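The values are calculated or read from the model by the stated rules, or taken from the named source; none is laboratory data. Remember, predicted model here, so these are calculated numbers, not experimental data. Using ideal geometry, Cβ is built from the backbone for each residue, glycine included, and neighbour counts are taken over all protein chains shown.
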Amino acid sequence: MKLDAALNRRLVRLALRLGASDAALTTYQTRREMIRFANNQITVSKHGVVENAEIYVSVKGRRAVRATTEISIRSLEDMVKQAVATAKTSPESSVYAPLPEGPFKYDRKLLKPSAEEVSSNQLVEYVEAAVNGGLEMGAKRVAGSLVYSRGSLRLTTSGGVEASASSSGLEISVRAFAADDATGQFVSVAAGAKDFKPYEAGVKAGETAKMALNPVEGEAGVYEGLLGPMTFAHIVEQVGSWASAFYVDGEMSFLTGLLGQQAASKVFSLWDDPTIAGSYGAAPFDGEGVPTRRNTLFEDGVLKTYLHNSTTAKKFNTSTTANAGIIVPHPFNLVCKTGDKPLDKLISSIDNGIWVTNDWYLRYQNYRTGEFSTIPRDGLFHIRRGSVEKPVKGLRLSDNILNILKNIRSLGNEAAWIKWWEVDIPTYAPAAVVDRISFTKSAF
């Protein structure tokens, strides 16, 4: 069946007839092509169209959300009925904020993808380029995945919003192996072919893998840290996500109580900017239909704002930052300010440090205070007296997010858009030198 404006309006009206005071319906249709590769060859190729719908309803502050991937009149109407019924029996919120009143005007450059469609043959060529890049730099085998998506969403609200937007994206994750214990990984993320660089991702993965040959057991301790863009993006994404006023209000975030304070090094500035046309995370409006804008999260180390929707904004006596998530505000497109030093200068500034090129399985011991640990993945190197001394293994990064932010000494002058299964929000990040980072022995 066709997902269109008339159907959206019909379902929102149904929610209101059933007793909802507010309703917002979003429908999605996405065409995806995915290629997996291993041992320098394509192993899996899949494509298909995914359709789903999600509705938010409020019955004077009693809220509920329901979603479905079964797109039929009956299933969509059942979704609406279940949402309203659930809302009527849900606890009443301490604050009731109606959905913003539209209609709104949106930036036309953000409503449609600026990129041309990419053919299946071109996707295969991208994979071949990534594999060749890794092999040319010394890898023995290369693996990874490429995903191409092109989709549209439509939002209709009881506040008078009727909006639709289209998007496209290319993302490749390349892992190169010089040996079983000598690996490297890098990614390329873009909205279209013009900015997509699979060969360069392969080259960087291959370079790291070759450098990582013959690693020795690392020693636990406190070191200067060099966090590569993959790892620093992971930290930055955590900062952006936990800046959500929903988590702050629940006192779950390590940023709770720090608004207006020097919570990070003066070299650290961070924005959420979905208004960058042609970027992967660009978005013209949020989940309430409010036009997006650039929000400064950190400026010279000072925490400037939390991310808000209408409800959290009312609780905090401020205005929405256009970051709905109707229930949980969230960032769209994180951008970290770069520094002034190339990578070799960052390395030469370190006397006794550990260079972490990638990590995975970041887990918190305490969300509220920011204690966490994560496992370095791929190339891990000991730096002594300004040069890379040897590859190491067997360490776990165990520290505190706020400590890392406060101890950032310098940032690289080059950055990359990072997105993969450990970094879900597109994040533009450079390498970072941190004065003190704790490493423990890994249990793996």
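List of remarks:
- Looking only at segment 296-321, and only at residues there that are more than 17 Å from the chain's Cα centre (by Cα) and among the aliphatic types (A, V, I, L, M), the one that is nearest to F246 (Cα to Cα): A313
- The requirement of being farther than 26 Å from A212 by Cα, surrounded by fewer than 19 Cβ atoms within 10 Å (Cβ to Cβ), acidic (D, E) and in the same structural domain as H234 (by TED's automatic domain parsing) is not satisfied by D351.
- The residues listed here are S188, S168; of these, the one that is in the same structural domain as A115 (by TED's automatic domain parsing), in contact with a Gly (Cβ under 8 Å, 6 or more places away or on another chain) and crowded, with 21+ Cβ neighbours inside 10 Å is S168.
- Residues of segment 1-31 that turn out to be under 19 Å from R74 (Cβ atoms), among the aliphatic types (A, V, I, L, M) and surrounded by 16 or more Cβ atoms within 10 Å (Cβ to Cβ), as a count: 9
- Segments classed as helices (runs of 4 or more DSSP H), wholly inside segment 155-249, with at least 2 members that are within 30 Å of G289 (Cα to Cα): 229-242, 245-249
- For segment 117-154, a tally of residues being part of a helix (DSSP H, G or I) and buried (at least 18 other Cβ atoms within 10 Å of the Cβ) returns 8.
Every residue, every condition in (1) part of a strand (DSSP E or B); (2) of a type in the set (S, T, Y); (3) in the same structural domain as E251 (by TED's automatic domain parsing); (4) over 21 Å from F268 (Cβ atoms), yes or no:
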site	(1), (2), (3), (4)
L362	yes, no, yes, no
Q365	yes, no, yes, yes
T369	no, yes, yes, no
S373	yes, yes, yes, yes
D378	no, no, yes, yes
H382	yes, no, yes, yes
V388	yes, no, yes, yes
L411	yes, no, yes, no
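- Residue match in segment 333-342 (condition: at pLDDT 95 or above and under 14 Å from V248 (Cβ atoms)): no
- Selection count where residues are over 27 Å from P100 (Cβ atoms) and in contact (Cβ under 8 Å) with a residue 40 or more places away in the chain, scope segment 240-277: 10
- Within segment 260-289, the set of residues being of a type in the set (S, T, Y), over 24 Å from L303 (Cα atoms) and out of contact with any strand residue (DSSP E or B) (no Cβ under 8 Å at 6 or more places or on another chain) is empty.
- Close pairs (7 angstrom Cβ cut-off, 6 or more residues apart or separate chains): touching a residue at least 24 places away in the same chain (Cβ under 8 Å) in segment 341-361, in a helix (DSSP H, G or I) and not hydroxyl-bearing (S, T, Y) anywhere: T357/M230; N358/M230; D359/H234
- From G379, G353, G339, G386, residue being within 29 Å of Y148 (Cα to Cα) and more than 18 Å from the chain's Cα centre (by Cα): G379
- Filter pass, T68 being surrounded by 14 or more Cβ atoms within 10 Å (Cβ to Cβ), among the β-branched types (V, I, T) and assigned by TED's automatic domain parsing to the domain that holds T183: yes
- Unmet criterion (only one of (1) surrounded by fewer than 24 Cβ atoms within 10 Å (Cβ to Cβ); (2) in contact with a helix residue (DSSP H, G or I) (Cβ under 9 Å, 6 or more places away or on another chain)) for N214: (2)
- Evaluation of T296 against (1) touching a Ser or Thr at 6+ places or on another chain (Cβ under 8 Å); (2) part of a loop (DSSP other than H, G, I, E, B) (one fails), failing number: (2)
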